1. As an exercise, use a Förster radius of 41 Å and the Cβ-Cβ distance of GLU232 and VAL371 to find the FRET efficiency, rounded to the nearest 0.05.
2. Fully extended, how many nm does the chain gain between GLN383 and SER356 (0.36 nm per residue separation, minus their Cα-Cα distance)?
3. Enumerate by residue number the GluC sites (Glu not before Pro) in the stretch 363-398 meeting two conditions: DSSP loop (anything except H, G, I, E, B), and at most 12 other Cβ atoms within 10 Å of the site's Cβ.
4. With a Förster radius of 51 Å, plug the Cβ-Cβ distance of ASN657 and ARG171 into 1/(1 + (r/R0)^6) and report the FRET value to the nearest 0.05.
5. With all protein chains present and a 1.4 Å probe, how do THR519, THR279 order by accessible area, largest first?
6. So if we plug the beta-carbon distance of LYS605 and LYS468 into 1/(1 + (r/R0)^6) with R0 = 25 Å, what FRET efficiency do we get, rounded to 0.05?
7. Pulled fully out, how much extra length does the chain show between GLN393 and THR273, if you take 0.36 nm times their separation in residues and subtract their Cα-Cα distance?
8. List, in the order given, every pair from LYS352/LYS663; LYS275/LYS663; LYS291/LYS409; LYS460/LYS605 whose Cα-Cα distance in the structure shown is over 30 Å.
Amino acid sequence: MNYCCPESAVEVHPGLRMEMTGSGNVVLTAFHSYSPCRKSLGDRTTGTPLSPGRSCLTREGSQQWPGRMISQEALCLPRDGFAISQDSMEDYWSEVRNITESGPVCQELLLEEHSMDEAELEEAWLQEAGLSALVSGASGDTPAEVLLSTLTRSQAALVQKRLNSYTQTLRRHNRQSARHVRDIFPGSDPAPGQPADSGPQISPGGQLPVKVPAWAPARGEGSGSGCEPVRETLQFEVPYSEGLAAYRKEHDCPDCHKTRRDDGALPVFLPPTPKLGLTRVQDLSSEDMKKISYIALIELTTLFDTLGIELKRNRLTRNKARESGIFGVSLATLLENDQKKLPGSKVPLVFKKLLSKLEQTGLQTEGILRVPGSASRVKHLRQELEAKFYEDQFDWEQVRHNDAAGLLKMFIRELPSPLLTQQHLPAFLAVQNIATYRNQIQALHLLIMLLPEANRDTLKALLEFLRKVVAHEEENRMSLWNVSMIVAPNLFISRSKNAKLEEMQGAAGAAHLVRLLITSQDLLWTVPCFLISHLRKLNEASVGKKMLGSEKSKRKLLRRWHMDRNKGEKTELVGLLGEGLIRVHAPLHAKVSMALLLDSETKAKDVMARFDCENGRGSRSCGKRHRQYLFEVGGNIGERCLDPDTYLLDLYRVNPNCEWIFKPRNS
């Protein structure tokens, strides 16, 4: 494959006229003097020359790529401040070239885009937000009225905008909504001929129609200067959309930190230390995480709307994916097969094995992930994995670290749906258009809450491995920026049949997003406190809305009657002993329950230590493998594994009707 610049398309350094050949069939027909993007192409200040195997810039400032013209903004940051040079993106373009030369994606994995009208866009959004009853009239697992009653004013206004847009579009097509917006938001129906909303008009995606660049330098927070990282706690108590205006008023520092390739320039946001404890994604039940996703989508859309960022949404369909094998098989199918072999599997076994192989042999190897394996070897190993992996006959000793890296990236690229999901990929890419690091992290935080469990767990496993690679930078020469550039094309390049220019325009921005995911992964996999508070309100409001009559409902009613009776007995004891009397159940311990009187300093780790001390080695679940944790179960939560630093008396006051259970995690 030849990438060359015609003579008329390059500016040749005076006195230099040469032909250079690099690896493969890449030919450079001239030496190009490169200057930072913020200088005009007419500025002949000597910059960094193009190396062999690199593509080149045309006179108009675009890069020639297979069948595409890539804008200069995709390579550099054109605004004031630090500009990312073309040399700093070399690993990115090298990885794109490797992907291109590896051949097209299997036809059965290619996706087709279908246009959606405004009504379909809004209907899809309302369904994903748990508000399908507003368009269908049918009641879901969480009644729409209950969810709406727990929203903030800004969130409710956003939902009303989208519902107005939906009903107005139906009217234009002479169709009628199952439920009128007036029935849900009294007084919201506009007079004939009047706009549906007196505020800013929104696009079909529900956002303000604001034009944004491919990627703008993000502004940091704080009063630092240069590339010294700023450390700041990210507040979890208030919804991000609500805190945005107040934060802007208090922080007027102009561009304290420009986004740049220097890894030290990234500000470090730390999670808070709430008295109710931090909640990680894996600490909640699947049912509660589903409700969290409803709230997170509404909050994410409200945040984007407040920031004036357009959030596009496309409906994509795919051909039938493979139902067996490894490559090109959906995560859900892989995990279904893996759980037959290893119950409780959260990440595909072959993916974990590839990561393990790389950790064992490649972390100290220079150029890990960057240096591709032999194409013929990788193809052969892929075929053997397909045939022998589930038979436990595959010989992992024959796999070199660069082969394992190639297989790992191939696995990610050939998933039927992207690891970040086709549904949310546009939102991830839109994050690069947000102006501040703080708001970028907040948007990514909400997006992680939206990912399906299998995608979220697999992405976390990948990011944990990438963090280890960066930690061995001195040995492997792979900085955070290098790793991000190599991973970004595998995560963000679309597999659409109709690939367009936009796929390549966000090169630097996509690498920046991967960099944020790697450095902030612990925070991003922590559920914000405001979502937990919203979940509790939602569960409390749902209690009075559920219909009785089924056997399951009768059992719940009987259990609640017993709880109320016990609560009455407990109230008498509380009157004698004081507030905070609880009973902790430990079904796997020799001592199955213990009554405790909480004080203001009692933490979850104190109760855990007491159980371990009193039961000693007599526990039926000895050993690190069966480590046990304290859970709150029921009341206004489904099930939550408690942070060891949770203050139990504060939690008791928030959820007085829960049960306290000491047990291992489900996984």
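1. For R0 = 41 Å, the calculated efficiency reads 0.65.
2. 7.7 nm
3. In loop regions of the stretch 363-398 (DSSP not H, G, I, E or B), the sparsely surrounded GluC sites (Glu not before Pro) are GLU366.
4. Here the calculated transfer efficiency is 0.65.
5. Working: THR519 75, THR279 5 Å².
Listed by decreasing accessible area, they come as THR519, THR279.
6. 0.35
7. Full extension from GLN393 to THR273 adds 38.4 nm.
8. LYS291/LYS409
The values are calculated or read from the model by the stated rules, or taken from the named source; none is laboratory data. No experiment lies behind these values; they were computed from the predicted model shown. When we count neighbours, we look across all protein chains shown, and the Cβ atoms used for this are built from the backbone with ideal geometry, even at glycine. Side chains are part of the model used for accessible areas, which takes the heavy atoms of the whole protein and leaves out ligands, DNA and RNA. Shrake-Rupley method; radii C 1.70, N 1.55, O 1.52, S 1.80 Å.
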